[in-house]
Amino acid sequence: MKDDRIIRASELGQYAFCAKAWWLGSVEGVPSANVREMDAGASAHEHHGRTVQLSIWLGRAGMVCLALGLLLLTWLLLTR
């Protein structure tokens, strides 16, 4: 029988840290005892992702402002 299950990088890290914990969670389906900590980690990752998206948007807005400033400067120099 072919198993097409995708193994994620986080699973590799969990396996490297504790193979038995990986086996219990991934193969046996035993829930983790650290649900609160995992939820806090997921929340922190989501917040970080939003912060990264905001920084990308602000960087692009900065580039647009720079381009507009250069165009304005060029126009001022050419019209004098």
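Residue-wise HN-Hα couplings along region 56-66, as the Karplus relation 6.51 cos²θ - 1.76 cosθ + 1.60 with θ = phi - 60° gives them from phi, are 5, 4, 5, x, 5, 4, x, 5, 5, 4, 4 Hz; Gly and Pro carry x. Of the GluC sites (Glu not before Pro) in the chain, the ones in a loop by DSSP (not H, G, I, E or B) with at most 14 other beta carbons within 10 Å are Glu28. Given +1 at the Cβ of Lys and Arg, -1 at the Cβ of Asp and Glu and no other charges, the dipole of the chain around its Cα centre is 420 debye to the nearest 20.
Residues in region 46-53 carry Karplus couplings, in order, of 5, 4, 4, x, 5, 5, 5, 4 Hz; the curve used is 6.51 cos²θ - 1.76 cosθ + 1.60 with θ = phi - 60°, and Gly or Pro positions show x.
Since every read-out is calculated from the coordinates, none of them should be taken as a lab result. It should be emphasised that the depicted structure is a prediction, and the values quoted were computed from it without experimental measurement. With ideal geometry, Cβ positions are generated from the backbone for all residues, glycine too; neighbour counts draw on all protein chains shown.
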